[in-house]
Amino acid sequence: MRVIITKDYDEMSKEAARIIAKQIKEKPDSVIGFATGGTPLGTYKELIRMHKEGGLDFSKITTFNLDEYYGLGPDHPQSYHYYMFENLFNHVNVDPKKIHIPDGLAKDVEAFCKKYEEEIKKAGGIDLQILGIGRDGHIAFNEPGSSLASRTRLVALAEETIKDNARFFEKEEDVPRYALSMGVGTILEAKKILLLASGESKADAVAALIEGPVTSQVTASALQLHPDVTVIIDEAAASKLKRKSYYKFVDKMYRMLEEKKSL
Ligand code: PGA
């Protein structure tokens, strides 16, 4: 696991956008897994800037989103469909036919989830999956107790998540209690994973993700089993890590190798 510690949210966002842009430039028909929430907003802003000012070309990519609230249609302002178009897709040249977001209004949920998994496979698998992390250590909506082998399915949101997400709704009662979410097993099949976290409220979850035991009580900890994970966190989110200076040293080594400088 590569851990990149940035001074603040802005630097985290720029670093993440740089990695996503590199992926798209190296493989223009990349399959990118997108995440929603507050954390990736700065990254998406930077990607839009790179598209508008630097011509970063999204036309050949295929996208899969991690999750969607169950019961919310694409026009609902709090749906993740709406979020993705509002905050990224409407501002870049992604092909609408290549966008996949779980359907919060799916009538046959089981059939829909099965089809979603099949579509990921048909696209050749996810090349780069972007993730946030919840205060309870979830990735996508894989709440504590989710099987580390779970696949796309209907999930029940944890109390903590409902409270955290209430800030996007008028009142807490309006937050949907269920969602369709890729499973931990689905996420672990992505070729590369990029997890972002910012702020002190995420410090415990980040410490558990990087330095805790692998446990379904912190589903993000399953990423320790994946061979190509980059975690980008700001100083506040990194504040509870025990081996911070070692991670910084390793990061420096990676950068020197990338720039082909001798160690
Ligand atoms: P946030 O959500 O980016 O809004 O903090 C992250 C998550 O719950 O995965």
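The values are calculated or read from the model by the stated rules, or taken from the named source; none is laboratory data. Note that the structure is predicted; figures quoted are calculated from it, not measured. Methodologically, a virtual Cβ is constructed for each residue, glycine included, from the backbone with ideal geometry; neighbour enumeration extends over all protein chains shown. For the accessible areas, the whole protein counts, side chains as well, though only heavy atoms, and no ligand, DNA or RNA atoms are used. Shrake-Rupley method; radii C 1.70, N 1.55, O 1.52, S 1.80 Å.
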Using Cα springs under 10 Å in a Gaussian network model of the chain, which residue among His81, His138, His226 shows the largest mean-square fluctuation? His226
Rounded to the nearest 5, what is the percent of antiparallel bridges among the DSSP beta bridges in the chain? 30
Residue-normalised value, i.e. accessible area per residue, for the chain at 1.4 Å probe, in Å², stands at 47
Restricting the count to DSSP beta bridges whose residues both fall in the range 1-148, what percent are antiparallel, rounded to a multiple of 5? 10
For Ala123, what charge total do you get from the other residues with a beta carbon under 14 Å from its beta carbon, if Lys and Arg give +1 and Asp and Glu give -1? +1
Rank Phe168, Phe249, Phe85 by mean-square fluctuation in a GNM of the chain with C-alpha springs under 10 angstrom and give only the top-ranked residue. Phe249
Under the classification rounded if a/c is under 1.5, otherwise prolate if a/b is larger than b/c and oblate if not, where does the range 73-223 fall, given a ≥ b ≥ c as square roots of the Cα gyration tensor eigenvalues? rounded
Using Cα centres only, tell me the gap between the range 210-262 and the range 144-204 in whole Å. 21
Relative to the compact-globule estimate 2.2 N^0.38 Å (N residues), the Cα gyration radius of the range 54-141 stands at a ratio of 1.14
Candidates Lys192, Lys60, Lys163, ranked by Gaussian network fluctuation over the chain, Cα under 10 Å, top entry: Lys163
Over all alpha-carbon pairs of the chain, lay out the pair-distance distribution in 10 Å bins, whole %, shortest bin first. 7, 31, 39, 20, 3, 0
Label model pair Asp228, Tyr178: point-to-point distance (7 angstrom along the Cα→beta-carbon line) in nm is 3.6
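State the percentage of accessible surface on the chain attributable to carbon and sulfur atoms; use a 1.4 Å probe and exclude ligands, DNA and RNA. Please report the intermediate quantities before stating the final value.
Details: 6560 of 12370 Å².
Result for the chain: 53 percent of the exposed heavy-atom area is carbon or sulfur.
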Zone residues, the range 175-207, relative to Glu86, backbone N less than 17 Å from point 7 Å out along Cα-to-Cβ: 175-176
